[in-house]
Amino acid sequence: MQHINLSFFVDLGASLNAFGALGKQQQSSLADAYSPLADLDTRLEKLLNGDPIRLETAAHSARELFTPLRALLRRHYYVSDTDQLDWGKDWNTNFIADWEFLTLKRKVEAFQHVMAAEFQNSATFYVPQRMGYHTPTLILNATVCAGLWDEPRFQGVARHDFNEAGKCLAFGMPTAAGFHAARSVEAILILYYEAFCGPRPERLMMGDAIRALEAKVDPEGPLSPSRKVLRTLREIKDLDRNPLAHPDATLDMIEAKALFDLAGIAIVSMLRGMYNLERAKAGSASDTAA
């Protein structure tokens, strides 16, 4: 998936229109013509290099326009055989004749027609707003939705899966969104288990981790897992994670949003619990040393 800056095509259209205006004049001074020509040259070069999209059908016509356009620029504006602009030439009293634009004008028209045809057949979609979420945020960095964008421990698989859950939610794939949200929770659960229970076994199932953490709960102790966090984790496991393991299970958008939100809450709570545990251990060590 590639994020496309649509303003590029607005600017490309403006560059093509500015070039068209030059072609209607009998002659144009180098000073007047430079900006429209250079802008169009820059945007065509980007397109030919795959920015912001990789052209298919229109690539040939883009190259057919770019090559003589670049030659015209070098002929009139650059010192021979160098990449230096020729500032020794008076750009206000030197002109480009209308016939020099004639060939380019035909190539511009051909490029516009082929480009329009390619866009008509391109797989371009509009993603509407999902629930109360900002669509670009869901697609580009869903961790913002849970307040986890700058959390140093929320990295690797956990962060990747949470962001994938956001993309799936945005693109209307609720079951996939739920699957990735649950995977993100499991990745942080491993860290939560290791913080309170020690090294994990080679294969640690979600249910086994929750039961082991429940056995460590001490309502009076500061070094204990949170019952509230464990209730949330068990809800995710029993109501969502286990059913999602079956191929016939599906989620609708409301269910996927609920799991996405609950996953964010569970992850934030587990990370906070680990920070609290570290502070409590550090305080206990200080008291012992004193």
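The values are calculated or read from the model by the stated rules, or taken from the named source; none is laboratory data. What you see is a predicted model; the values in this text were computed from it and never measured. When we count neighbours, we look across all protein chains shown, and the Cβ atoms used for this are built from the backbone with ideal geometry, even at glycine.
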Note to self: Suppose we keep only residues that are part of a loop (DSSP other than H, G, I, E, B) and among the small types (G, A, S) within the range 21-60. Which one would you say is nearest to N5 (Cα to Cα)?
What the structure shows: G50
Next item on the list: Name every residue in the range 196-238 that is surrounded by fewer than 13 Cβ atoms within 10 Å (Cβ to Cβ), under 37 Å from the mean Cα position of the chain (by Cα) and touching a residue at least 40 places away in the same chain (Cβ under 8 Å), in order of residue number.
Entry: K228
Note to self: Please determine whether any residue of the range 60-70 is out of contact with any Cys (no Cβ under 7 Å at 6 or more places or on another chain), surrounded by fewer than 17 Cβ atoms within 10 Å (Cβ to Cβ) and of a type in the set (A, V, I, L, M).
What the structure shows: no
Next item on the list: For the range 106-128, state whether one or more residues are basic (K, R), surrounded by fewer than 16 Cβ atoms within 10 Å (Cβ to Cβ) and not assigned by TED's automatic domain parsing to the domain that holds F260.
Entry: yes
Notebook entry, point to check: Here are some residues: W91, W99, W87. Which one is in the same structural domain as F19 (by TED's automatic domain parsing), free of Cβ contacts under 8 Å to residues at least 12 places away in the same chain and either in a loop (DSSP other than H, G, I, E, B) or acidic (D, E) (or both)?
Noted result: W87
Item checked: Unmet criterion (only one of (1) in contact with a Ser or Thr (Cβ under 6 Å, 6 or more places away or on another chain); (2) not in a helix (DSSP H, G or I)) for D150 -> (1)
Notebook entry, point to check: What's the number of the condition R63 fails, among (1) farther than 26 Å from E118 by Cα; (2) of a type in the set (K, R); (3) in a helix (DSSP H, G or I)?
Noted result: (1)
